[in-house]
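Notes to accompany the following structure.
The values are calculated or read from the model by the stated rules, or taken from the named source; none is laboratory data. Fair warning: this is a prediction, and the values are worked out from it, not measured in the lab. Every residue, glycine as well, gets a Cβ built from its backbone with ideal geometry; the counts of neighbours run over all protein chains shown.
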Amino acid sequence: MNKHLIKFVLNGEPREILVEPNELLMNVVRERESLTGTKYGCGIGECGACAVHVDGQPLLSCIVLAADVDGREVVTVEGIGSYGQLDPVQEAFLDEGGVQCGYCTPGMVVMSRALLNENPNPTELEVRHYMRGSLCRCTGYSGIVRAVLSAAEKESSGKAVPVAS
Amino acid sequence: MSVQTPQHRYVGERLVRVEDPRLLRGRGQYVDDIDLPGMAHAAFVRSPFPHARINGIDVEAALALDGVFGIFTGKDLNHLAGPLIAGRNDYGGATLGSDLLETKRQLLAADKARHVGDAVAVVVARDRYLAEDACELVHVDWEPLPAVVDANEALSDDSPRVDEALASNNIVHKDFETGDVQAAMDSAPHVFRKRFHHGRCHPAPLEPRGIIADWTTGADRGVTVWISHQMAHLMRTYLSELLQMPEGRLRVIVPDVGGGFGLKAHLFTEDVVIPLVSRALDRPVKWIEDRYENLAASNHAREVFCDIEAAADDDGRLLALRMKFLGDVGAYSPVPYTPWIDVGMAAKSMLGSYDIDNVGYTTDAVLTNKCPTGAYRGVGQTVGQCARESIVDDVARKLDIDPFELRLRNCIGDEPRVNPIGPHHYDGGSYAECLRKARDVLGYDELRERQLELREQGRYIGIGICNFMEHGAWGSKTYRAHGADRPFIDLVRLTVEPGGSVVVATGLTPNGQGHETTFAQLAADALGADLEQVRVVQADTERTPFSMGTRGSRSGVVGSGAILRAAEDLREKMAQIAAHQLEAAVEDIEFGGGKASVRGAPSQALTFREIAQIAYFAPEKQPEDIGEPALVSTRSYDPDPTYGNGTVVAVVEVDVKTGIVKTERIVFVEDCGVVLNPMIVDGQIAGGVAQGIGQSLLEQLAYDVDGQLLSGTLKDFLYPTAGDVPSVEIAHVVTPSPATTSGMKGVAESGIIATPAAVVNAVADALSPFSVEVDHTPITPNDVRALLRAAQASSQAATT
């Protein structure tokens, strides 16, 4: 099989790498770029643990071929917030008990950020609907839903500003 | 000498977790995130058949692939270690002795595969892609055999045997009776019977299992294992015995764990295979379970048929309760616990907070050609509550007594008392109070009115109650009472370092419970330190003292007990140093804010750093009778068992056209004694509730009649999503436990123990106008429709 040379932007940095035609974006992010925040949970796009932003849209990296991000911009959880300044979504997960084992957390952060970028003032029902593709086995979603609503409230009232990479 | 106990500043507070910033930034480190130089990747060849003889395995074509380092079958590995035998080489499992027929599980199935997913070979290659490709090229000469699929049929003499070495498929039978159940049944005005089938469940943590082994040879011979697990030290003990490697040369490190729920509190064959292939290939080897393997070949849980009989008088007072639990336990006994745990714990929890004199049970665990069943959060207790609460509602419905009222009539008192079904004393609780409080929070009377109004509009809501107990804080006494006569030792080492830092080192092995936060809260309060001074080190056998691990709702209680004891030792030593330096009496030294000060003269104070500097570096400033000055203490704590209690009410709406059940509300009133961190306790409850909703309505591990697994992906096995679970309405009642130092009780399992029974009862209540019997889980939309169609058919038959 012929390898493809792909050029893309990863968390703000330009990258050029050779990938196998069947290589998944998740593998490139985790194995080749050592950005291990992106997680494997199901391998078929059902659990959302591998979510990343591609050109600002949330995509599931376990069912996206790496070759398909040629020329595009990818942001992983590592590109959201920083240690000095967590993104308001991350801050809200911290405050509202949105994290237990932490394994779904990167995907949840990526999806929550995407939701608020799309819809700054979601209702609880809209949050629950949008997040249906992100599975959590620990929290029962209570803390997660509270966190997204709280981040939305803070951002739309100007008390907090999203932190992009 | 009496040293002052500091004021609580952190315990009971809703503190945010210190773990979270790194997890939120994707900087957690789970097993699959670890990369070692030269590391190879393993994949397993697994049986596509439920039961099949292996006539040969040809690995030539696979081995010829460039980048495949080795392929191993049972012939290569089984003589090196094993077999795995539950209930014997167990350490912390249930030792059932002669009551148990032992299954001997080889590392890789060599003669026969006994369930779909049973591993027969392991391929090790440069990367996982290649290893998977090579698995496809391994040719196994299978000879399919008739499979044992139904546990009820497995009991018959002419059923095939899952394990020919055993006299029967039924590997454990135990029974118990107190009072005279039959006499009570015979003389009772009403006897109710039903059969309830509790469906197969799966802990299904979002992070599958995973292990890396690095076996080095030569002078530095030893094995380092990174594993996603709940019991670091016990894993070392198991591997030490099986690999014949002294514990001093074996290091088990548990990094961040993406959920365990009991699944990761077992020893699996892969955990032994991976170190062995690391040795054979002289390189580190990683294996990460994929989701199919997780669903097909790790452990399922609690498939139990319950035959239930209850006797009551005209007022609904329960006179006798008898249950027969028949477990469909799969192909092998899980190590260490044995498959008795589900039926056994179902039986032990069947009585709960009900005041019934005549109680009896039988338990049987029957092998089938399905995935083995093991511990899953709420082990068996979920089944026991479902069986009891389901028949209690039948009694209420048939005698036309309100279900809250019926439960109150049969409720025990709050004081500590003998548990007639054994083996422990209840440590007291708030059994009736929780029922009343749940009714109030719910707005019960209005909701019943609303139910009637909606019925007029063709909408069916149901209200289901479960009054539950949670058996927690498992330690020596608990295990001894359940037949495992081994002590439980859990050590915590508490150190004040020379610079004044406090380090808590514990082998308790968290998987989402937030011990880095809660243990720091406990240690800070117990020493009078600031929270920021405390660091928690955990789950690495080389850096922490021995522990039996995190399971059975025990870590909070066990950890707090040991931390309190060790902190008392340290306070005594620090008070001696401070008193000597400040020229005060030891009794007058107070701790708080990271300082020791003289009572009534707060400016007379030494910081922890100043005290530690004296302890470590300034012998001339130490009192003469200080003894060993180092500020370290290693203590253990082995609690008496605790019984948390509470009441859960589920409100559901059933769409009778589609069969879809929507959980509208969950009211959860909980008494777990003293609460350490309300945010974490509420999080444990909400998570358990979601799992409970999942297992009662959504999650299904279906096998077809031939024993083929139909639920091998997350498209088939349905986790509850954010759209399936309501925000849980939680209320607390606090009855401090007299059984534990901290007054805490185990709490981590209550959500899943209690919610399924409430949901099942709510569905039954919603469908009560249709005279259908809800008798199994999960209750899928298809099941609801089938019940309604059958009811319609029989009512039409009756009218024609």
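Structural remarks
- Filtered residue count, region B:763-789, keeping only those that are under 25 Å from B:ASP716 (Cβ atoms) and part of a helix (DSSP H, G or I): 10
- Hey, B:GLY549 closer than 30 Å to A:GLY140 by Cα, touching a helix residue (DSSP H, G or I) at 6+ places or on another chain (Cβ under 7 Å) and at pLDDT below 95 or not: yes
- Filter result (in contact with a Gly (Cβ under 9 Å, 6 or more places away or on another chain) and charged (D, E, K, R)) within region B:451-474: B:GLU470
- Any hit, region B:221-237, residues being within 28 Å of B:LEU709 (Cα to Cα) and either more than 20 Å from the chain's Cα centre (by Cα) or more than 14 Å from chain A (Cβ to nearest Cβ) (or both): yes
- Note on region B:282-302: among residues that are under 10 Å from B:GLY712 (Cα atoms) and touching a Leu at 6+ places or on another chain (Cβ under 8 Å), the one that is nearest to the other protein chains (Cβ to nearest Cβ) is B:ARG291.
Listed here are the residues, each with its yes/no results for (1) farther than 30 Å from B:GLY475 by Cβ; (2) of a type in the set (Gly, Ala, Ser); (3) within 14 Å of chain A (Cβ to nearest Cβ).
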position: B:ASP706; (1), (2), (3): yes, no, no
position: B:LEU714; (1), (2), (3): yes, no, yes
position: B:PRO778; (1), (2), (3): yes, no, no
position: B:ALA790; (1), (2), (3): yes, yes, no
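- Considered as a group, the residues in region A:101-115 that are without any contact (Cβ under 8 Å) to a residue 40 or more places away in the chain and within 10 Å of chain B (Cβ to nearest Cβ) include one that is farthest from B:PRO208 (Cα to Cα), and that residue is A:VAL109.
- Annotation: of all residues in region A:84-100 being surrounded by fewer than 21 Cβ atoms within 10 Å (Cβ to Cβ) and either more than 8 Å from every other protein chain (Cβ to nearest Cβ) or over 24 Å from B:ASN677 (Cβ atoms) (or both), the one that is modelled with the lowest pLDDT is A:GLY84.
- Members of region B:137-161 that are among the polar types (S, T, N, Q) and touching a Phe, Trp or Tyr at 6+ places or on another chain (Cβ under 8 Å): B:ASN152
- Residues in region B:277-286 that are touching a helix residue (DSSP H, G or I) at 6+ places or on another chain (Cβ under 7 Å) and surrounded by fewer than 24 Cβ atoms within 10 Å (Cβ to Cβ): B:PRO284 alone.
- So A:ALA152, is it farther than 21 Å from B:GLY694 by Cα, in a helix (DSSP H, G or I), without any contact (Cβ under 8 Å) to a residue 60 or more places away in the chain and touching a helix residue (DSSP H, G or I) at 6+ places or on another chain (Cβ under 9 Å): yes
- Subset of region B:139-160 [free of Cβ contacts under 8 Å to residues at least 24 places away in the same chain and touching a Ser or Thr at 6+ places or on another chain (Cβ under 8 Å)]: B:GLU153
- Candidate set from region B:708-732 (those that are surrounded by fewer than 19 Cβ atoms within 10 Å (Cβ to Cβ), touching a helix residue (DSSP H, G or I) at 6+ places or on another chain (Cβ under 9 Å) and hydrophobic (A, V, I, L, M, F, W, C)); member that is nearest to A:GLY43 (Cα to Cα): B:LEU718
- Region B:611-639, residues that are free of Cβ contacts under 8 Å to residues at least 12 places away in the same chain, closer than 14 Å to B:PRO498 by Cα and not aliphatic (A, V, I, L, M): B:PRO619
- Test result for B:VAL11, out of contact with any Lys or Arg (no Cβ under 8 Å at 6 or more places or on another chain), surrounded by 15 or more Cβ atoms within 10 Å (Cβ to Cβ), not assigned by TED's automatic domain parsing to the domain that holds B:LEU570 and not aromatic (Phe, Trp, Tyr): yes
- Criterion (modelled with pLDDT under 95, farther than 30 Å from B:SER547 by Cβ and away from chain A (no Cβ under 14 Å)) met by exactly one of B:ASP150, B:ASP158, B:ASP186: B:ASP158
- Residue within region B:316-332 that is hydroxyl-bearing (Ser, Thr, Tyr), over 26 Å from A:THR38 (Cα atoms) and either assigned to a loop (DSSP other than H, G, I, E, B) or in the same structural domain as B:GLY552 (by TED's automatic domain parsing) (or both) present: yes
- Evaluation of B:PHE404 against the conditions (1) assigned by TED's automatic domain parsing to the domain that holds B:VAL648; (2) closer than 21 Å to B:SER750 by Cα; (3) surrounded by fewer than 24 Cβ atoms within 10 Å (Cβ to Cβ); (4) touching a residue at least 60 places away in the same chain (Cβ under 8 Å) shows that the sole unmet condition is (1).
- Being modelled with pLDDT of 95 or more and part of a helix (DSSP H, G or I) is a property that B:ALA758 has.
- Checking the stated criteria, B:THR216 turns out to be away from chain A (no Cβ under 14 Å), without any contact (Cβ under 8 Å) to a residue 24 or more places away in the chain and polar (S, T, N, Q).
- Those residues of region B:14-60 which are touching a Lys or Arg at 6+ places or on another chain (Cβ under 7 Å) and surrounded by fewer than 19 Cβ atoms within 10 Å (Cβ to Cβ), in sequence order: B:GLY38, B:MET39, B:ARG53
- All strands (runs of 3 or more DSSP E) inside region B:530-620 with 2 or more residues being aliphatic (A, V, I, L, M) and closer than 30 Å to B:LEU263 by Cβ: B:534-538
- Looking only at region B:637-673, and only at residues there that are at pLDDT below 90 and surrounded by fewer than 19 Cβ atoms within 10 Å (Cβ to Cβ), the one that is farthest from B:ALA523 (Cα to Cα): B:ASP640
- Strands (runs of 3 or more DSSP E) contained in region A:1-71 and holding at least 3 residues more than 13 Å from chain B (Cβ to nearest Cβ): A:4-10, A:13-19, A:57-60
- Answer residue from region A:121-153, given it is facing chain B (nearest Cβ under 7 Å) and surrounded by fewer than 21 Cβ atoms within 10 Å (Cβ to Cβ) and is farthest from B:GLY259 (Cα to Cα) among those: A:HIS129
- Selection of region B:517-539 for residues being touching a strand residue (DSSP E or B) at 6+ places or on another chain (Cβ under 6 Å) and surrounded by fewer than 20 Cβ atoms within 10 Å (Cβ to Cβ) yields B:ARG535, B:VAL537.
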